[in-house]
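Computed from the coordinates by the stated procedures, all read-outs in this text should not be read as laboratory data. What you see is a predicted model; the values in this text were computed from it and never measured. Cβ atoms come from the backbone with ideal geometry, glycine included; neighbour counts cover every protein chain shown.
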Amino acid sequence: MRMTGAAIAEDGFIYALRRVTEAAARAAFDWIGRGRKDEGDAAAVDAMRTVLNHLDIDGRIVIGEGEKDEAPQLYKGERLGHGGGLAVDIAVDPVDGTSHLANGQTNALAAVAMTPQGAMFDPGPAFYMEKFAGPPAVKGRIDPLAPTRDKLKVLAQALGKPVSDLSVYVLEKPRHRRLVEEIHAAGARVALYPAGDVAGAIVAAMPGGEVDCLMGTGGTPEGVLAACAIRALGGEFLGRLDPQLEHERAAVAHAGLDTRRWWGVEELVRSDKVWFAATGITTGMLFEGVSRRGPSTRTQSLMLTAPDRQWQVLTTYVETALLGPGPGQAQEARP
C-alpha cells in the first residue's frame, strides 16, 4: 500500500518509518536460532526494501548492505521511494547482530535512520570505526585522545557518581583486550557483548540506562546509525575511522580518508532533523523481540526524532494470518 499525503507528512513520518523496521524484524523472526545468518539477513533486507519503496520519498542509501555484505539490495547509492515527498539520506541495518539472530541470542534488531539529503556522513570504504557514546551530561566534555582512565573520570564527574559505579559497553573481540584491561584498571565495570553495538550506543546515550558509555571499535555503518539516534537524543557520539583489514586500510588510504581524526556527532549527522526507528528481533537491552502469541505477531519498536528530541517505544500487534508465510517458513517447508 502506497503511503501518501498526511501519512507521510513530517510530523507523522516516524510512524511510517517504523513500519520499515517492523517488516524487517518480522521477516527475520523465522530464522532465529537456525544457525543461518545469511538467510535471515536476506529475508530482512528484502522486507525492508519493499516497505521503503512504498514511501513517498526521494531516498538515497548512504549506509547500506552493499560493499561489505555483497548484497544485491539496499546497497550504497541505491535510490528508493517514489521520487517525491521528502528528499532524504538513508542508513539501514536490516539485522544488527546477524550472529545473535542465527544463534538465538539477545540484542538483534532492525534499524533505519534518515536525514535531509547531504546531511549524513559517507564513510566511503571504511568498514570499522572506533567509537565513544555517552549521555547528554557528558556532551562536549570527552577528549577522545585522552587515556581511558581520564575519559572515565570525566564521565563519572558528569554523572555524579564514582568511577567504580560505571558500566562500559564493549564488544567482545580480541582487539579490545587492552581496552578491557584499562577499564578494569580504572575501577569501572565492563559489559561485554559479542555484537549489537547500535543498541549499546543508544542505551549509553539514554540517561539512567543499563550502561554509562560505549567504547571500542565496531562497524562504521552501525556507528553512523548510532550517531543519528544519539543526535536525536542529544547525547555524545565520537567516531574515528579504524580499518582492521589490510585491503580496507589500502582502500581508506586511497580514498584520502584521515584515520587520525575524530568526528563529532554534529559532523557525522549535519542536520538537526533526524528520524530513527529500530525494532527488536530478539529481546535485548532496548526492547522485547518479535513474538507470536495465538493469532497475533507482536513487535516492539523505538522511535526517535530531532530536533524535538522525542522518543517513544511502540508495541504493535498484527494478525499473523494477514502476514502470510514468512521467507523462513517457506524455505523450511521445502524438502
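Tabulated results
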read-out	value
Note, ³J(HN,Hα) from phi for segment 97-112, Karplus 6.51, -1.76, 1.60, rounded to Hz, x at Gly and Pro	x, 5, 5, 4, 4, 4, 9, x, 9, 6, 6, 6, 8, 10, 9, 8
FRET efficiency for R34 and D122, using Cβ-Cβ distance with R0 set to 41 Å, rounded to 0.05	0.75
Charge dipole magnitude, Cβ of K and R +1, D and E -1 - the chain, Cα centre, debye nearest 20	480 debye
Residues with amide H under 5 Å from that of A119, placed H, sequence gap 5 or more	D89
R0 of 41 Å, Cβ-Cβ distance T259-A321: FRET efficiency to nearest 0.05	0.20
Residues with amide H under 5 Å from that of Y128, placed H, sequence gap 5 or more	T220, D242, Q244
Linear extension gain, T283 paired with A146, 0.36 nm per residue minus alpha-carbon span	45.8 nm
³J(HN,Hα) computed for each position of segment 114-128 - Karplus, 6.51 cos²θ - 1.76 cosθ + 1.60, integer Hz, glycine/proline x	9, 9, x, 4, x, 9, 9, 5, 9, x, x, x, 7, 8, 10
The chain: calculated mean residue ellipticity at 222 nm from DSSP helix runs of at least 4, using -39500 (n - 2.57)	-9500 deg cm²/dmol
Pairwise label distance in nanometres, A185 with D58, each label 7 Å out on the Cα-Cβ vector	5.4 nm
Inter-centroid distance (Cα atoms) of segment 82-133 relative to segment 149-179, Å	25 Å
FRET efficiency estimate (nearest 0.05) - Cβ-Cβ, K173 to Y15, R0 41 angstrom	0.65
Contour excess over end-to-end distance, with Cα ends at S296 and V313 and 0.36 nm allotted per residue	4.3 nm
5 angstrom amide H check on G234, placed H, neighbours 5+ away	none
Electrostatic dipole magnitude of segment 128-268 [Cβ: Lys, Arg +1; Asp, Glu -1; Cα centre; debye, to 20]	260 debye
